[in-house]
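In what follows, a structure is listed as structure tokens, so that the remarks can point back to it.
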Amino acid sequence: GAVVSQHPSRVICKSGTSVKIECRSLDFQATTMFWYRQFPKQSLMLMATSNEGSKATYEQGVEKDKFLINHASLTLSTLTVTSAHPEDSSFYICSARDGGGGLYNEQFFGPGTRLTVL
Amino acid sequence: DAKTTQPTSMDCAEGRAANLPCNHSTISGNEYVYWYRQIHSQGPQYIIHGLKNNETNEMASLIITEDRKSSTLILPHATLRDTAVYYCIVTLSGNTGKLIFGQGTTLQVKP
């Protein structure tokens, strides 16, 4: 089946620094990737939709200048949390949709990245 | 906002069938029903999806009512590894659909 990887799996950083998270589709081309955030004991919240070669579309309430998304190739999207603060500590999960032109909306999820901001 | 309603939690005995209900009374004609599950601290895993016909795969069966206002995910022989949060999601197909996760059902499979 389709595999999506994320790197790093865990990151701890100091307040005020920026953190980059990578999401890769390993065996398929993903024209669309999605970024989610999940706080403890809560559901996943969609942050943004990323299409290869174009600007990301952010969900309402998500700061685009704080969460920079780049989808430079069909297999890689990156999320940069700029000037991270403790309230940004969360589980960040990406997903990728196969760009093979299929009808369905099946998304393949990465294993997630645990961000802790001290 | 999520368009589905699911019970917060359910228990199931190991080896028995787990039946997880989902209400989606406002579903439109071109929206599909998708089921994903999330095991603790992992990314969600696709289970099954359907439009109006019942569907079955190696993981589960999906039963959709004739009026499409509700559905049931069936895990025929639940194991301890099936303990997870199960999400029922209604979305458009193709390139316009997004997955909006509700609170899901926490299924606890007990020995």
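Here are the numbers:
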read-out	value
Flag if A:LEU44 is surrounded by 13 or more Cβ atoms within 10 Å (Cβ to Cβ), within 25 Å of B:THR106 (Cα to Cα) and touching a helix residue (DSSP H, G or I) at 6+ places or on another chain (Cβ under 9 Å)	no
Matching residues in segment B:57-111 - criterion: being within 22 Å of A:ALA96 (Cα to Cα), away from every other protein chain (no Cβ under 11 Å) and over 11 Å from the mean Cα position of the chain (by Cα)	B:ASN57, B:MET59, B:ALA84
Criterion violated by A:LYS41 - all others in (1) more than 13 Å from chain B (Cβ to nearest Cβ); (2) of a type in the set (Lys, Arg); (3) closer than 29 Å to B:VAL33 by Cα satisfied	(1)
Search result, residues across segment B:66-90 that are of a type in the set (Val, Ile, Thr), surrounded by fewer than 21 Cβ atoms within 10 Å (Cβ to Cβ) and closer than 16 Å to B:HIS49 by Cβ	B:THR72, B:ILE74
Residues that are surrounded by fewer than 21 Cβ atoms within 10 Å (Cβ to Cβ) and in a strand (DSSP E or B), drawn from segment B:92-109	B:LEU92, B:THR106, B:GLN108, B:VAL109
Test: residue in segment A:56-69 that is β-branched (Val, Ile, Thr), over 29 Å from B:TRP35 (Cα atoms), in contact with a Ser or Thr (Cβ under 6 Å, 6 or more places away or on another chain) and buried (at least 17 other Cβ atoms within 10 Å of the Cβ)	no
Checklist (1) more than 10 Å from every other protein chain (Cβ to nearest Cβ); (2) within 20 Å of B:ALA84 (Cα to Cα); (3) touching a Pro at 6+ places or on another chain (Cβ under 7 Å) applied to A:PHE109, failing item	(1)
Test: residue in segment A:53-66 that is within 13 Å of the chain's Cα centre (by Cα) and in contact (Cβ under 8 Å) with a residue 24 or more places away in the chain	no
Subset of segment B:21-44 that is within 11 Å of chain A (Cβ to nearest Cβ) and hydroxyl-bearing (Ser, Thr, Tyr) - its residue that is farthest from B:ASP82 (Cα to Cα)	B:TYR32
Residue check, B:GLN38 under 30 Å from A:SER5 (Cα atoms), among the polar types (S, T, N, Q) and surrounded by 18 or more Cβ atoms within 10 Å (Cβ to Cβ)	yes
Count - residues of segment A:1-28 that are more than 17 Å from A:THR113 (Cα to Cα), surrounded by fewer than 14 Cβ atoms within 10 Å (Cβ to Cβ) and in contact (Cβ under 8 Å) with a residue 60 or more places away in the chain	3
Residue that is surrounded by the most Cβ atoms within 10 Å (Cβ to Cβ) [pool: residues in segment A:70-103 that are hydroxyl-bearing (Ser, Thr, Tyr) and assigned to a strand (DSSP E or B)]	A:SER77
Members of segment B:46-56 that are loosely packed, with under 13 Cβ neighbours inside 10 Å and either within 12 Å of chain A (Cβ to nearest Cβ) or of a type in the set (Ser, Thr, Tyr) (or both)	none
Segment A:44-64: number of residues that are at the interface with another protein chain (Cβ under 10 Å from one of its Cβ atoms), among the aliphatic types (A, V, I, L, M) and in a strand (DSSP E or B)	2
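A short reminder: the numbers here are calculations on the coordinates, not readings from a lab. Keep in mind it's a predicted model, so treat the numbers as computed, not measured. Methodologically, a virtual Cβ is constructed for each residue, glycine included, from the backbone with ideal geometry; neighbour enumeration extends over all protein chains shown.
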